[in-house]
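Here is the structure we will look at, set down as structure tokens.
What follows is calculated from the coordinates using simple rules that are stated; it is not laboratory data. This one's a predicted model, so the numbers in the text were calculated from it and none came from an experiment. All Cβ positions, glycine included, derive from the backbone under ideal geometry; neighbour counts span all protein chains shown.
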Amino acid sequence: MKKKLLVISRRAPYGTSLAREALDVTLAASVYDQDIGMLFMDDGVFQLIKNQSPEEITQKNLSATLSALSLYGVDNIYAHKDSLEDRDLKINELIWDDIKILTSEDVKNLLDQQDHLLSF
């Protein structure tokens, strides 16, 4: 029986290793054929911005790896609506046009449906 795992990414893409670690855990878990989702909230929504240029701060661009999630079977990708709005981010600024946008109530319901939660 497949277990439901949700990885919650709450940190900005650069400055710490937490965003990269959340992505690495998600990709590693995808090998085990589980029902995996990834939720971006708080400053984690900054990971979703198109056309990032982290080379200027000698960091590796996360968005290229994020766009590979679907290749690994991770199709349940969510962004928290309030986090996007609080940071004045619009859907057309994100790397995915079809990302599922969740209200706080939707997030609560999603969390209740999971077998395992990992928050970074």
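Remark: region 72-80, residue by residue, has Karplus-estimated 3J(HN,Hα) of 9, x, 9, 9, 8, 10, 10, 10, 7 Hz, where x stands for each Gly or Pro and the curve is 6.51 cos²θ - 1.76 cosθ + 1.60 at θ = phi - 60°. Over the Cα atoms of the chain, the radius of gyration divided by the Kirkwood radius equals 0.94; this is the Rg/Rh ratio.
Evaluating 6.51 cos²θ - 1.76 cosθ + 1.60 at θ = phi - 60° for every residue in region 6-11, the Karplus couplings come out as 10, 9, 10, 10, 10, 10 Hz, glycine and proline recorded as x. Computed from backbone phi with θ = phi - 60° and the Karplus coefficients 6.51, -1.76 and 1.60, the 3J(HN,Hα) list for region 16-26 is 9, 8, 5, 5, 5, 5, 4, 5, 4, 5, 4 Hz; x is used for glycine and proline.
Placing unit charges on the Cβ atoms of the charged side chains and taking the dipole of region 4-119 about its Cα centre, the candidate lying farthest along the positive direction among THR16, LEU71, ILE49 is THR16.
The chymotrypsin sites (Phe, Trp or Tyr not before Pro) found in region 1-92 that occupy coil by DSSP, while having at most 13 further C-beta atoms within 10 Å, are TYR32.
Here r is the Cβ-Cβ distance between GLN114 and ASN51 and R0 is 41 Å; the resulting FRET efficiency, rounded to 0.05, is 0.80. Estimated purely from DSSP H runs of n ≥ 4, each contributing -39500 (n - 2.57), the mean residue ellipticity at 222 nm for the chain is -7500 deg cm²/dmol once divided by its residues.
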